[in-house]
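What follows is a short report on a single structure.
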Amino acid sequence: MSAGLLTSLLGSLTLSPLSVSAQENIDNLVTDLCQSSIRVKLAANREITENNRNDITFETVERSRLSRGQTSIQGQARVNNGNNQRYLSYDCVVNVNEGLISRSNYTFRNNIALSSTRLCQEELKETIAQDFDGLVTFQDGLETYYISNTEEGVRGTALVNRSQREEQPYRFNCTVNIQRGDVTRISYTPTDETDNQTISDQRIINLCHNKLRQQISSNQIDIGGIIGINLGTGSTIDFQEEPEIFNLADNEQRVEGLGIISEGFQQRRVNYECIVNVERGTVSNATIE
């Protein structure tokens with residue numbers, strides 16, 4: 001990017017005192033600044049542009065506050081170049097007080113359009129194998145659908161072959177976090193049933209364990225109902241034995257188990273508990289004591 005072009009870009013988008021009256025306005029300006037810098041970098045990439053004009057569509061954006069007045073912008077975009085379509089991840093760091101970019105990068109990702117389908121297929125195979133040792137083959141016509149800027153859904157029909165039983169079709173529905181590239185919810189039910197979709201016990205346990213790991217790695221966890229306890233940098237948890245699952249309500253189940261939290265060379269044994277919404281595939285509460 002030339003110095004003159006960068007100066008012109010920043011000059012047109014620099015945050016003025018009048019533009020910061022609303023936080024939403026600030027967020028929009030910071031996002032525009034980041035995305036405009038990505039457009040400029042793509043335009044300057046001769047390998048990408050050749051003789052064609054790039055058309056970039058920013059599909060997701062996630063903002064997070066950093067220290068010293070800086071904001072991180074991350075997301076995904078789609079680039080149309082003639083008859084070709086490519087997908088990329090982008091990230092920026094913007095100094096909000098100065099209206100300047102301190103970092104602006106993009107990385108092309110191959111076959112991202114297929115990743116949600118692939119992730120859901122692998123997750124369903126693993127889930128059914130754990131539930132009743134069945135083998136899964138997929139029929140054509142799997143459908144992806146929009147949920148939010150960070151989530152995409154996949155639904156369709158799969159054939160399940162269980163030992164000493166006839167092959168049976170199942171409908172499945174899956175939710176993928178497209179920024180992290182992981183499955184957050186999956187359910188399935190035989191095609192001759194209309195209600196009571198199944199979320200496997202193993203999936204419920206995984207949701208609980210992942211939530212606890214996430215909270216502990218971010219150095220915040222609910223301990224015995226006291227939210228926000230600091231465990232110390234570098235704490236990890238190892239789960240012991242198979243946890244128990246209890247029905248609470250139509251869509252909620254409680255997971256209880258034992259774990260060992262390690263802080264450096266120190267370890268302590270803890271009890272943990274999660275409340276899992278099996279319909280949404282989310283954890284509403286996770287505690288240790």
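The values are calculated or read from the model by the stated rules, or taken from the named source; none is laboratory data. It should be emphasised that the depicted structure is a prediction, and the values quoted were computed from it without experimental measurement. Reconstructed Cβ throughout: ideal geometry from the backbone, glycine too, with neighbour counts over all protein chains shown. To get the accessible areas, we keep the full protein, side chains included, count just its heavy atoms, and leave off ligands, DNA and RNA. Shrake-Rupley method; radii C 1.70, N 1.55, O 1.52, S 1.80 Å.
Annotations for the structure displayed:
- 15 Å beta-carbon shell around LEU100, net charge (K/R +1, D/E -1): 0
- Charge sum, other residues only, whose C-beta stays under 9 Å from GLU244's C-beta, Lys/Arg counted +1 and Asp/Glu -1: -1
- Convex hull of Cα atoms in the range 114-196, direction-averaged projection (nm²): 5.6
- Annotation: VAL40 carries an accessible surface of approximately 20 Å², with a 1.4 Å probe and no ligand, DNA or RNA atoms counted.
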